[in-house]
Amino acid sequence: MSFTEAKEKFAAYGVDAEQAIERLKTVPVSLHCWQGDDVRGFDTDPNAPLTGGIQTTGNYPGRARTPEELMSDIDEVLRLIPGKPKMNLHASYAIFEDGEWADRDQLEPKHFAKWAAFCKERGLGCDFNPTFFSHPKCDPLTLSSPNEDTRRFWIEHGKACIRISQYLAEELGEPCVMNIWTGDGFKDIPADRMGPRERYRRSIDEILSEPYDFTKVKPCIESKVFGIGVEAYTVGSAEFALSYAAFNRDKCIPLMDNGHYHPTEVVSDKIPALLAFFPEIALHVTRPIRWDSDHVVLFDDETKEIAKEIVRCGGLAGRVNIALDYFDASINRISAWVTGSRNLQKALLFALLQPSTELKVMQDNGSFTELMVVQEELKTLPFGDIWDEYCRRCDKPVDGEWFNEIKRYEHNVLEART
Ligand code: RNT
Ligand code: ZN
């Protein structure tokens with residue numbers, strides 16, 4: 001079916017496909033740099049294990065080992081994804097020159113100058129994350145440590161990251177979402193659940209006392225339910241993170257990662273709940289399988305549901321900051337990046353192609369029979385033709401036309417990295 005015919009099918013349900021396409025082109029979605037190198041970064045021993053309860057599995061060949069390799073891989077991704085991407089960096093991806101090295105409490109904007117130039121040349125904004133894991137100073141706690149030296153070190157890291165985020169926002173002319181997440185917690189039953197949380201709260205207070213312009217730097221607090229090796233207790237639990245954000249609405253926003261809740265909870269339902277109180281929220285879109293496994297995002301039911309809530313709650317008008325967060329080392333990493341990004345774009349386009357106003361009227365009128373019928377019919381409309389047109393208008397390959405390019409890149413570039 002052609003785009004024109006598909007467009008008419010949607011129009012019959014009151015949907016303007018042209019408008020949906022134009023809208024999606026302008027929605028920033030953050031592309032996580034850490035899919036390219038299994039969350040290792042450049043500032044610590046590349047062979048040391050990850051800590052903080054996160055884990056990558058697999059050893060597919062071709063992992064980016066240097067800033068140049070990572071940038072080259074990101075360029076390959078950018079060639080293949082439609083939409084308006086934004087970069088998302090972790091502090092551990094600092095780029096040091098001429099043998100210089102700085103520990104995380106000493107990081108400066110200059111260590112991200114090359115990334116800023118990379119973004120500027122490609123017209124991208126940039127989000128940022130302090131890296132409170134995979135470092136010798138994790139004892140294993142960071143911001144919640146009872147050891148004052150440890151805690152100070154990580155507070156200084158957080159403050160340095162506020163300054164770097166302000167720099168990125170100013171250099172690139174787009175707000176920088178700066179996400180605070182720590183893997184602080186315990187493997188087994190703790191004796192004191194409150195002390196670490198009080199210290200974590202005071203540490204965030206101190207980090208956010210560093211001056212910043214809240215219209216440019218948007219600190220977030222990300223919660224988590226548990227991690228590998230920290231199964232029994234997570235300091236930054238859902239209640240902790242959400243309460244912190246609620247009591248400090250003038251300084252930060254809550255961030256929900258859809259891998260960080262109990263398996264029957266859904267972030268799609270939490271989006272409108274939070275938007276009833278917070279002017280802005282942030283999301284990490286991932287795919288959990290039984291736990292926070294960070295699998296590649298698919299075009300599956302919950303991703304569609306998350307996208308629908310973002311769209312119909314007015315989230316695209318700057319109220320929902322959208323980022324990808326997953327890492328798979330068992331398949332071609334670039335394909336993982338591209339597949340997940342394209343799927344999130346698909347979910348957003350699918351959501352924009354829902355007759356949300358009409359459906360809402362059915363709900364408010366109590367026409368639940370019709371609501372079910374129409375919602376089911378919408379699932380089999382010729383979405384693929386609108387998606388192809390969206391890709392073409394973004395000047396990006398349609399489905400069926402990009403995987404060969406990844407195979408070419410794997411052969412020419414990745415296979416040489418051994
Ligand atoms: C970990 C959190 C966190 C990280 C990134 C690398 O469970 O989701 O957001 O994935 O910061
Ligand atoms: Zn996350």
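The values are calculated or read from the model by the stated rules, or taken from the named source; none is laboratory data. Keep in mind that this is a model prediction, so the values were computed, not measured. With ideal geometry, Cβ positions are generated from the backbone for all residues, glycine too; neighbour counts draw on all protein chains shown. Surface areas here come from the heavy atoms of the whole protein model, side chains and all, with no ligands, DNA or RNA. Shrake-Rupley method; radii C 1.70, N 1.55, O 1.52, S 1.80 Å.
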Checklist entry - Which residue, of Ala238, Ala273, Ala232, is farther than 17 Å from Val177 by Cα and within 15 Å of ligand 1 (Cβ to nearest atom)? => result Ala238
Item to check | Lone unmet requirement of (1) farther than 18 Å from Val15 by Cβ; (2) modelled with pLDDT of 95 or more for Tyr390 | outcome: (1)
Next on the checklist: So the check is Cβ under 7 Å with 6+ separation or different chains; which pairs have a first residue in region 116-144 that's under 19 Å from Val39 (Cα atoms) and a second one that's in a loop (DSSP other than H, G, I, E, B) and hydroxyl-bearing (Ser, Thr, Tyr)?
Outcome noted: Phe132/Thr142; Phe133/Thr51; Ser134/Thr44; Ser134/Thr51; His135/Thr44; Cys138/Thr51; Pro140/Thr51
Next on the checklist: Here are the criteria: (1) closer than 24 Å to Gly236 by Cα; (2) open to solvent by 40 Å² or more (accessible area, probe 1.4 Å). Tell me which single one Asp38 does not satisfy.
Outcome noted: (2)
Next on the checklist: Anything in region 255-286 that is among the small types (Gly, Ala, Ser) and more than 15 Å from ligand 2 (Cβ to nearest atom)? List them, or say none.
Outcome noted: Ser268, Ala273, Ala276
Next on the checklist: For the structure I just gave you, tell me whether Asp184 is open to solvent by less than 10 Å² (accessible area, probe 1.4 Å) and charged (D, E, K, R).
Outcome noted: yes
Next on the checklist: Every residue in region 50-91 that is touching a strand residue (DSSP E or B) at 6+ places or on another chain (Cβ under 9 Å) and part of a helix (DSSP H, G or I), please.
Outcome noted: Ile74, Val77, Leu78, Ala91
Item to check | Set Ile221, Ile189, Ile207, Ile228: member being surrounded by 19 or more Cβ atoms within 10 Å (Cβ to Cβ) and either away from ligand 2 (no atom under 15 Å from the Cβ) or more than 15 Å from Ser144 (Cα to Cα) (or both) | outcome: Ile207
Next on the checklist: Any residue at all in region 198-217 that's closer than 22 Å to Arg290 by Cα and in a strand (DSSP E or B)?
Outcome noted: no
Checklist entry - If we only count strands (runs of 3 or more DSSP E) wholly inside region 287-360, which ones have 3 or more residues that are within 16 Å of ligand 2 (Cβ to nearest atom) and either open to solvent by less than 10 Å² (accessible area, probe 1.4 Å) or among the aliphatic types (A, V, I, L, M) (or both)? => result 320-324
Checklist outcome for this item: Condition set in contact with a strand residue (DSSP E or B) (Cβ under 9 Å, 6 or more places away or on another chain) and over 17 Å from Ala282 (Cβ atoms), scope region 204-229, selection farthest from ligand 1 (Cβ to nearest atom): answer is Gly229
Checklist entry - Any idea which of Thr234, Thr182 is under 17 Å from Pro146 (Cβ atoms) and within 18 Å of the chain's Cα centre (by Cα)? => result Thr182
Next on the checklist: I'm checking my understanding of the structure. Among residues of region 238-286 that are outside any loop (DSSP other than H, G, I, E, B) and among the aromatic types (Phe, Trp, Tyr), which one is farthest from Glu206 (Cα to Cα)?
Outcome noted: Phe240
Checklist entry - Residues of region 92-103 being more than 17 Å from Leu31 (Cβ to Cβ) and under 22 Å from the mean Cα position of the chain (by Cα), which ones? => result Ala94, Ile95
Checklist outcome for this item: Among helices (runs of 4 or more DSSP H) entirely within region 367-416, at least 1 residues that are under 30 Å from Thr357 (Cα atoms) and of a type in the set (Ser, Thr, Tyr) occur in 368-378, 383-393
Checklist entry - On the given criteria, is Gly183 at negative phi and away from ligand 2 (no atom under 16 Å from the Cβ)? => result no
Checklist entry - How many residues does region 169-193 hold that are touching a residue at least 24 places away in the same chain (Cβ under 8 Å) and part of a loop (DSSP other than H, G, I, E, B)? => result 11
Checklist entry - Just to be sure, is Phe112 over 24 Å from the mean Cα position of the chain (by Cα) and more than 16 Å from ligand 2 (Cβ to nearest atom)? => result no
Next on the checklist: Considering only region 364-379, I want to know if a residue exists there that is without any contact (Cβ under 8 Å) to a residue 40 or more places away in the chain, within 30 Å of Val39 (Cα to Cα) and open to solvent by 50 Å² or more (accessible area, probe 1.4 Å).
Outcome noted: no
Item to check | region 231-269: number of residues that are closer than 23 Å to Phe133 by Cβ, open to solvent by 10 Å² or more (accessible area, probe 1.4 Å) and of a type in the set (Asp, Glu) | outcome: 2
Item to check | Hits in region 22-33 - residues which are within 16 Å of ligand 2 (Cβ to nearest atom) and over 15 Å from Leu78 (Cα atoms) | outcome: none
Item to check | Test: residue in region 286-301 that is within 30 Å of Val361 (Cα to Cα) and either aromatic (Phe, Trp, Tyr) or in contact (Cβ under 8 Å) with a residue 60 or more places away in the chain (or both) | outcome: yes
